[in-house]
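Asks: What follows is a single structure, and I will ask about it in a moment.
Every read-out reported here was derived from the displayed coordinates using simple, explicitly stated rules and does not represent laboratory data. None of the values given here were measured: they were computed from a predicted structure. Glycine also receives a Cβ, built like all others from the backbone with ideal geometry; neighbour counts cover every protein chain displayed.
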Amino acid sequence: MLICILISAVLAFTVMRVEKSTELPTFPGLATGGVTKNTTDIIGLYGAIIELEELQHSIAAIIQKDSLSDRDSIRLSDALKRYEQIQRSLIHTGDTSTAP
């Protein structure tokens, strides 16, 4: 049995040795640049939608008051400006993503 093991080892490391190491097959190049850009755009869009929802809630809370103080007026004005900025950026992003 020991002789069989020795003969097997000699054959494995000498006679049956592969000249060239085998390489893993490669797949054709995938366009990952577009995937990462789209993923980044989706994450940004999700953040913008969350912020829009929060702004809608704060605007609704301010509008439901019977009378507005100076602080409420400033908060409402700032919230509406930010809401408009986000909407414009989303529209601008949508226009550039559909362009060829």
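Asks: Could you give me the ³J(HN,Hα) list for the stretch 60-75, computed from phi with Karplus coefficients 6.51, -1.76, 1.60 and θ = phi - 60°, whole Hz, x at Gly and Pro?
Replies: Rounded to whole hertz, the list is 5, 5, 6, 5, 6, 5, 5, 9, 9, 8, 4, 4, 5, 4, 5, 4.
Asks: Right, here's the next one. Nearest 0.05, what FRET efficiency do Glu53 and Glu23 give at R0 = 41 Å with Cβ-Cβ as r?
Replies: Working from the Cβ atoms, E equals 0.20.
Asks: Turning to a different aspect of this structure: Which far-off residues, 5 or more places away or on another chain, put their amide H under 5 Å from the one on Leu68, with H placed in the peptide plane?
Replies: Here nothing satisfies the definition.
Asks: Please identify which residues in the stretch 37-56 have an amide N closer than 18 Å to a label point set 7 Å out from the Cα of Arg75, following the Cα→Cβ vector.
Replies: Zone members listed by number: 51-56.
Asks: Now, a different point. Distance in nm between label sites at Ile3 and Leu45, each 7 Å beyond Cα in the beta-carbon direction?
Replies: For Ile3 paired with Leu45, the spin-label model returns 7.5 nm.
Asks: Can you work out the FRET efficiency for the pair Lys37 and Ala60, with r the C-beta to C-beta distance and R0 = 30 Å, to the nearest 0.05?
Replies: The computed FRET efficiency comes out at 0.30.
Asks: Do any trypsin sites (Lys or Arg not before Pro) in the stretch 50-83 lie in a loop, going by DSSP, with at most 16 other beta-carbon atoms within 10 Å of their beta carbon, and if so which? Each step should come with its number before you reach the end.
Replies: Details: sites: Lys65, Arg71, Arg75, Lys81, Arg82; in loops: Lys65.
Those that pass, being in a loop and sparsely packed, are Lys65.
Asks: Let me ask something else about it. Determine, for each peptide in 38-45, 54-61, the mean count of other beta carbons within 10 angstrom over its residues, then list the peptides with the highest first.
Replies: With the highest mean Cβ count within 10 Å placed first, the list reads 54-61, 38-45.
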